[in-house]
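What follows is a single structure, written as structure tokens, with notes after it.
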Amino acid sequence: MSFNNYTSTCVPLPMENVDTDQIIPARFLKATSREGFGDNLFRDWRYLKGETKNEDFVLNNPIYQGEILVAGKNFGCGSSREHAAWALDDYGFKVVISSFFADIFKGNALNNGLLPIQVSDEFLAEIFEQIEANPKTEIKIDLESQIVKIVEKQKVMNFEINTFKKTCLLNGYDDIDYIISQKEAIEAFEKNRAFSYA
Amino acid sequence: MNSNQLKTLFDKIWEAHVVQRKEDFPDLLYIDKQFIHEVTSPQAFDGLRKRDLPVFRTSQTIGTADHNVPTLNQHLPIKDMLSRFQVETLEKNCNEFGVELYSLGHQKQGIVHVIGPELGFTQPGMTIVCGDSHTSTHGAFGAIAFGIGTSQVEQAMATQCLLQNKPKTMRIEVNGELGKGVLSKDIILYIISQISTSGGTGYFVEYAGSAIRSLSMEARMTICNMSIEMGARGGMIAPDETTFEYMKGRLHVPKGEKWKEAVDYWKSLPTDEGAKYDKEYVFDAADIEPMITYGTNPGMGIGISENIPEKAVGGSVNEMSKALNYMGLQQRQALKGKKIDYVFIGSCTNSRIEDLRLVAEFVKGKRKANDVNVWIVPGSKQVETQAKKEGLDEVFQAAGFELRQPGCSACLGMNEDKIPTGKYCVSTSNRNFEGRQGPGSRTFLVSPLMAAAAAVTGEITDVREML
Ligand code: SF4
């Protein structure tokens, strides 16, 4: 999918240090495919004992809908499980906005077409305030120009993204396609390296 | 040499692995070794199949079953159907693609970050990856080792390379002598409590200073292991005689002339005097006491004589109250004397033979408190075998500690080893996240000695009072 001129309402999760064990607890990592993880996204926050929904958790609040998750700083810390990105994507999120992302999560998200957008603490606070005032607040994302906008307020901020990753997202390709195209360089490197462990 | 040519340990290894560098583009980084396990590899193998690709360099990949294996009756088929299928899938994949595997039942099976060094697969100067964030453990040998997601597991299997932006460098120096009852686990819990759970994000850390140099290899692994808990991509310690002594003669290390050649190369790796880091911290070992966490991330830690603070370094009051509510604790409360229900001694942080020896020495002639369950889960079959050879199993049995079979176990609560809802577990693992050890479980992270002390008294205890 293309992110250009993409607009959606948001789901707010104003918590810091949300770790990947919360995004998808370990006991749901037994699957050997990439599908179906969305059902257990934030499982232990979404459900009380058993199958009873926790009505206080934002995913169970029908007021908040949308394909953009807005979360507190240091989102995605902890385990490297890519299942966290798969779960967010499978649930239907296309974008996560936070003021800080853990490294591995950020990479995993980008490798799965889920766009992590890092904004300033102030801009993040403004988004949360705006959503609180109006749950139908829309955020517009323009990946080509690297701009995120709180539509109602006409407030914008630029975000950073690695040029290569941006091209991949815009065109739907993957790191692996590129790396495979460099096989000759890799083999030459193996032959010529100063010290080899092979 | 002018100062631009002075290089850090990290820079030297990174630069020696750059296959290709272009402006405004991540480096194409060569990966010497990859570890795989049952949980984060199946989708990567599927990817290879879809693209009709082999594993590019099978001899540089090694697999084990650890996250999802039972720790009792390992000779029987795995009861949980999904877990069994996952382990069988790993076996099938490794077989089909020609990857060496230490699966359940193998005499050298164990937690991936325990068996790598044990088998001599981990060596200084290497780049090492694994679909697991605690891959940072291997940095203790002076290697660049970091955790990756499953898409990258597939890339590394297909090409032995990854596209990586070069991280910034951080040096953390710890000088002086450690106090009585203070272990390397306390050093790393202390560092994380000081710089916060995100303080290392974007950095690769090198640990240095006299306190670090004096540590054994296994103690160094404990430190590097938890680098990820401050957000750092990895941690490393320069190789030295301690490193070479530990490695010598292990299965996969070079032998004879090749060993000498390798040692010469490894000796060229330590950071040049005067080389610059992007960030530096200096700590004094004398300031560190036995540590314990009180909250729901590893940065929420205090010395055992301290009280719970108003908020953690880099955290907010909101986050703190959510964490303490989950833990059933309060601000300004002391932890000493708090009753506990479980003790877990295990995980890739603290399940090596030295950890088990320390615990055995401490509990010899003592007994666990009546209402506490104590599990000791060795990091590998080799650790288990060695412990039995030394008679540690008998010490544990006499103390009422249950010695189980190797695996990740209650570190992540993926198999049946879970801490029940609301129960308190004093644990030598690395994460105290909500539900990490089972839904609703409450974790206190500590060193193996602190865990052993709590097992004996049935409450949180300052181990120094018992030494
Ligand atoms: S012991 Fe725990 S931290 Fe280590 S690899 Fe296993 S699950 Fe991960």
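Nothing in this text is a laboratory measurement; each read-out follows from the coordinates by a stated rule. Note that the structure is a prediction, hence the values are computed from the model and not measured. Positions of Cβ are backbone-derived with ideal geometry, glycine not excepted, and every protein chain shown enters the neighbour counts.
General remarks:
- Hits among lysines - C-alpha to C-alpha of A:Lys191 under 18 Å, sequence gap 8 or more where chains match: A:Lys183, B:Lys33, B:Lys258
- Listed residue pairs exceeding 24 Å between alpha carbons, taken from B:Lys381/B:Lys418; A:Lys155/B:Lys168; B:Lys12/B:Lys166; B:Lys79/B:Lys388; B:Lys336/B:Lys366: A:Lys155/B:Lys168; B:Lys79/B:Lys388
- Cα long-axis angle, helix A:183-192 against chain A (0 to 90 degrees, to the nearest 10): 60
- Stokes-Einstein diffusion of chain B at 25 °C, 0.890 mPa s viscosity, Kirkwood radius from Cα pairs, rounded to a whole number: 109 µm²/s.
- Extent of the protein assembly as shown along its three principal axes (Cα atoms, max minus min coordinate, largest first): 70, 59, 55 Å.
- Of all DSSP-defined beta bridges confined to chain A, some 50% are antiparallel rather than parallel.
- When the Gaussian network model of chain A links Cα atoms closer than 10 Å, the mean-square fluctuations of A:Glu187, A:Glu129, A:Glu55 top out at A:Glu187.
- Within chain B, helix-based [θ] at 222 nm, where runs of 4 or more DSSP H residues each add -39,500 (n - 2.57), nearest 500: -9000 deg cm²/dmol
- Taking other residues whose beta carbon is less than 13 angstrom from the beta carbon of B:Ala238, and scoring Lys, Arg as +1 and Asp, Glu as -1, yields -1.
- Using C-alpha pairs below 8 Å separated by at least 6 residues, the relative contact order for chain A is 23 percent.
- Among the residues of B:182-192, the average count of other protein chain beta-carbon atoms within 10 Å of the residue beta-carbon is 0.
- With Cα atoms, 0 to 90° folded angle of helix A:121-133 axis to chain A main axis: 40
- Residue order, fewest to most beta carbons within 10 Å, for B:Ser351, B:Ser305: B:Ser305, B:Ser351
- The ellipsoid that matches the Cα gyration tensor of segment B:1-96 has semi-axes, each √(5λ) in whole angstrom, of 38, 18, 11, with the longest given first.
- Under 5 Å, built H, 5+ apart or other chain: amide partners of B:Leu119: none
- DSSP bridge pairs, chain B: antiparallel proportion in percent, nearest 5: 20
- Rg and Dmax of segment A:1-157, based on Cα coordinates, read 14.9, 45 Å.
- The alpha carbon gyration tensor of segment B:80-177 gives principal lengths a ≥ b ≥ c with a/c of 1.5 or higher and a/b greater than b/c, which makes the shape prolate.
- Length released on extending from B:Gln397 to B:Lys364, taking residue separation times 0.36 nm less the Cα-Cα span: 10.9 nm
- Estimated [θ] at 222 nm from DSSP helical runs (n ≥ 4, -39500 (n - 2.57)) normalised by residues in chain A, nearest 500: -8500 deg cm²/dmol
- Taken over the C-alpha atoms, segment B:235-364 has Rg and Dmax values of 21.2, 61 angstrom.
- Whole-number D in µm² s⁻¹ for segment A:93-198, Kirkwood Cα-pair radius fed into Stokes-Einstein, 25 °C, 0.890 mPa s: 151
- Shielding by partners - mean other protein chain Cβ count within 10 Å, residues of B:228-239: 2
- Residue-count net charge about B:Lys255 - beta-carbon cut-off 12 Å; Lys, Arg +1, Asp, Glu -1: +2
- Label positions at B:Lys336 and B:Asp52, each projected 7 Å from the Cα along the C-beta direction, are separated by 7.0 nm.
- Around B:Val374: net Lys/Arg minus Asp/Glu count, Cβ-Cβ under 13 Å: 0
- Relative exposure of B:Met81, B:Met300, judged by other C-beta atoms within 10 Å (fewest first): B:Met81, B:Met300
- Those GluC sites (Glu not before Pro) in segment B:35-99 that DSSP places in a loop and that have at most 15 other beta carbons within 10 Å: none
- Contact order, relative form, for chain B: 17 percent (alpha carbon pairs under 8 Å, 6 or more residues apart, mean separation divided by residue count).
- Paramagnetic reach from A:Asn60 in segment B:275-313 [backbone N under 12 Å; point 7 Å along Cα→Cβ]: none
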